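Comments concern the structure below.
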Amino acid sequence: MEHEQIERINELARKKKTVGLTEAEALEQARLRAQYLREFRANMEATLQAVRVEQPDGSYKPLVKKEKMN
């Protein structure tokens, strides 16, 4: 996500606290937040896939993703 988009998210958050948002601005804020979260999660997933855990025998194994509990 580009710096300008993050600045826009922050600008809309400040405006929401002070004077409120128009319907169009609220939709823009929701769209930008959703995009930010998608990109954050993708980056976090890539980081976690690169992590290796040292085992007691000195070998390294990748992290294993747990299944979601319902």
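Laboratory data are not the source of any read-out in this text; all were calculated from the coordinates shown. Nothing here was measured: the structure is a model prediction, and the numbers come from that model. Glycine also receives a Cβ, built like all others from the backbone with ideal geometry; neighbour counts cover every protein chain displayed.
Applying the selection to the range 43-70, what residues are in a helix (DSSP H, G or I) and more than 15 Å from Glu2 (Cα to Cα)?
Met44, Glu45, Ala46, Thr47, Leu48, Gln49, Ala50
So Arg41 passes all but one of these: (1) more than 11 Å from the chain's Cα centre (by Cα); (2) surrounded by fewer than 11 Cβ atoms within 10 Å (Cβ to Cβ); (3) not hydroxyl-bearing (Ser, Thr, Tyr). Which condition number does it fail?
Single failed check for Arg41: (1).
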